C-alpha cells in the first residue's frame, strides 16, 4: 500500500511507520537472538552430558573388540585341542592294534581247538569211564593227618 501523503506531515508518518516496523523487527530479532542463545546453551549442556557417554561407548566398543578377539582365540584353541585329541585316539588305536590282532588269533585258535576236540571225540568215542572227581586240598590234609 502506497501512502500518497505529500508534505512534511506525510513524510513524518512514513518515517514513524518505518521506525515502528524497524523497532518491531529489532525486538523480534532480539527475541530470536535470545531464543537462539538459549538453544545453543541447551545444546552445549547436551553435548557436555553426551561426552562422558561417548567416552564410555568408546570403552565399551574396545571391550567388545577384546571379547570378540578372545572368542576367536578360544575357537582356535578348541580347534587345536580337538586335533590333539584326534592324534591321541590315533595313537591309542595304533597301540591297541596288536591286541586286536592277538584277540582275533586267539579266537581262531579257540575255534580250531574246538573243531579238533569234536573230531577226536567223534573218532575215539565218548569216554568209557567217568573221570575221577578231583580231591579238595582240605580233604588231602585231613587224610594225611
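Just so you know, all these numbers are worked out from the coordinates, no wet-lab data involved. Remember, predicted model here, so these are calculated numbers, not experimental data. With ideal geometry, Cβ positions are generated from the backbone for all residues, glycine too; neighbour counts draw on all protein chains shown.
Using 0.36 nm per residue and subtracting the Cα-Cα separation, the extra length available between residue 16 and residue 102 on full extension is 18.5 nm. For the pair residue 43 and residue 133, label points projected 7 Å from Cα toward Cβ lie 11.5 nm apart. At full extension, residue 23 and residue 51 could sit 6.0 nm farther apart than now, given 0.36 nm per residue minus the alpha carbon distance. According to the square roots a ≥ b ≥ c of the eigenvalues of the Cα gyration tensor, what is the shape class of segment 56-99, taking rounded for a/c under 1.5, prolate for a/b larger than b/c otherwise, and oblate for the remainder? Prolate, since a/c reaches 1.5 and a/b exceeds b/c. The helix-only estimate of mean residue ellipticity at 222 nm for the chain, built from DSSP H runs of length n ≥ 4 each weighted as -39500 (n - 2.57), is -32500 deg cm²/dmol after division by the residue total. Seen from every direction in turn and averaged, the convex hull around the alpha carbons of segment 9-124 projects onto 18.1 nm².
In the chain, the longest principal axis of the Cα atoms and the axis of helix 8-124 are about 10 degrees apart.
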